[in-house]
Amino acid sequence: MTDPLAGSDGPVAVGDRAPDFTLPDANNVPVTLSELLVSKAVLLVFYPFAFSRICSGELSAVRDDLASFQNHHVQVLGISTDPPPTLQAWSRAEGYSFPLLSDFWPHGETARAYGCFLAKAGMAVRGTFLVEPSGTVVFAEVKGPGEVRDQAGWRRAVAALSGRGSETDLATAPAVGG
């Protein structure tokens, strides 16, 4: 089988420094990773497209358990190559209260930097990266097109990073499939 991400340097790995970026959110307000890392860890959730079945399921699971991430002082950011108006409509339709960022132009530049951009389709693939406040990646996972994430792994990483007692609230949250 051919590597769908051929041409990239491969995904960012655990222990790597997270590439910094500034992307517009659904309201065209710039969000910069390094500015968020001053006060908390950040979970980057790359996904292919707004309004798609698997993406909606995965991000709805995050929405439904957002308080657990916030309790662990983790900012969740969803990132796709959709333009801001699409993200705004999707966020309103699904009730997402965490930022959805647009990697629309230069098209997929941030997803490429993280090694989770499928150039032949012009989309991000499902990549999940947990970045601690120092800027170091402490969890990294990239799935190919159509592959569903098992959210239990990154939920455990979030709980472990916070160093606060049990990871039960995050680890037992249901993983969403498509």
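Taken together, the values in this text are just the output of simple stated rules run on the coordinates, not laboratory data. Just so we're clear, the structure is a prediction, and the values are computed from it rather than from any experiment. Because the Cβ atoms are built from the backbone with ideal geometry, glycine has one as well, and the counts that use them run over all protein chains shown.
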*Taking every eigenvalue of the Cα gyration tensor of segment 13-78, multiplying by 5 and rooting it, what semi-axes result, largest first, whole Å?*
20, 16, 13
*Note the per residue figure in Å³ for the convex hull of the C-alpha positions in segment 22-171.*
96
*Full extension from Arg156 to Ala121: what is 0.36 nm times the residue separation minus their Cα-Cα distance, to one decimal in nm?*
9.5 nm
*If R0 is 30 Å, what FRET efficiency do you get for His107 and Ser39 from their C-beta distance, rounded to 0.05?*
0.50
*Starting with the fewest neighbours, write out His72, His107 ranked by other beta-carbon atoms found within 10 Å of each beta-carbon.*
His107, His72
*Multiply the residue separation of Asp20 and Asn71 by 0.36 nm, subtract the distance between their alpha-carbon atoms, and state the gained length in nm to one decimal.*
15.9 nm
